[in-house]
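Report on the following structure.
The values are calculated or read from the model by the stated rules, or taken from the named source; none is laboratory data. Computed from a predicted structure; not experimentally measured. No Cβ is skipped: glycine too gets one built from the backbone with ideal geometry, and neighbour counts run over all protein chains shown. With ligands, DNA and RNA removed, areas are computed over all heavy atoms of the protein, side chains included. Shrake-Rupley method; radii C 1.70, N 1.55, O 1.52, S 1.80 Å.
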Amino acid sequence: MPHSHADILVHAIFSTKERQQFLQGDLPPRLFPYMRQIAKQFGSEIYIIDGADDHVHLLISIPPDRCLAEIMRVIKCNSSRWVRREFPGKEQFGWQRGYTAFSVSQSKRTTVYDYIARQQQHHRSQSFEDEFLTFLRRHKIQYDERYI
């Protein structure tokens, strides 16, 4: 077959380094479009990105000729560098080393999209840690409590 076709959607979550509450004020409205631009360079699309003060959720497409790890590494590395350069006082900004990712079927795409869109509201009543543990348990992912 001369062309590859794929429908790979991923719900990815990652937090700021040491969960510092950097994602406030005018940073997210500028940072999130920048992260979308980075993804587009890979042929990926971030359909929605949102989060709370210390983490982000995104719904992203993964093209058939790229791997998720590569896309996450470049988005996180380039966006960290951009924040440190563009925002005085945020020279310590960075993302945690890892990320968490879940496959999303087309039948659940709208549900995940809506969930990400409600992040600000959601985190008024649930901490990131509780949310994260719920995701890991729901998806039966083994984890070490020391690294949560």
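Considering only region 42-80, how many residues are outside any strand (DSSP E or B) and touching a helix residue (DSSP H, G or I) at 6+ places or on another chain (Cβ under 8 Å)? The qualifying residues number 10.
The C-beta contact set for region 7-26 (first residue closer than 30 Å to D65 by Cα, second residue among the charged types (D, E, K, R), distance under 6 angstrom, 6+ apart or interchain) comprises S15/D54; T16/D54.
The numbered conditions (1) loosely packed, with under 15 Cβ neighbours inside 10 Å; (2) more than 13 Å from the chain's Cα centre (by Cα) are all true for R97 except (2). Could you grab me the full set of residues in region 8-18 that are over 14 Å from the mean Cα position of the chain (by Cα) and either of a type in the set (S, T, N, Q) or closer than 18 Å to Q92 by Cβ (or both)? Of everything in region 8-18, just one residue is over 14 Å from the mean Cα position of the chain (by Cα) and either of a type in the set (S, T, N, Q) or closer than 18 Å to Q92 by Cβ (or both), namely E18. Count of region 115-126 residues, restricted to those that are in contact with a strand residue (DSSP E or B) (Cβ under 9 Å, 6 or more places away or on another chain) and either open to solvent by 50 Å² or more (accessible area, probe 1.4 Å) or of a type in the set (F, W, Y) (or both), is 4.
One residue stands out among those in region 81-97 that are free of Cβ contacts under 8 Å to residues at least 60 places away in the same chain and in contact with a helix residue (DSSP H, G or I) (Cβ under 7 Å, 6 or more places away or on another chain): the one that is farthest from T111 (Cα to Cα), which is E91.
Screening Q106, Q96, Q119, Q142 for residues that are touching a Lys or Arg at 6+ places or on another chain (Cβ under 7 Å) and modelled with pLDDT of 80 or more leaves exactly one candidate, Q96. When S103, S107 are screened for being assigned to a strand (DSSP E or B), open to solvent by 50 Å² or more (accessible area, probe 1.4 Å), closer than 16 Å to L9 by Cα and not basic (K, R), only S103 passes.
Going through (1) free of Cβ contacts under 8 Å to residues at least 24 places away in the same chain; (2) over 18 Å from H11 (Cβ atoms) one by one, D130 falls short only on (2).
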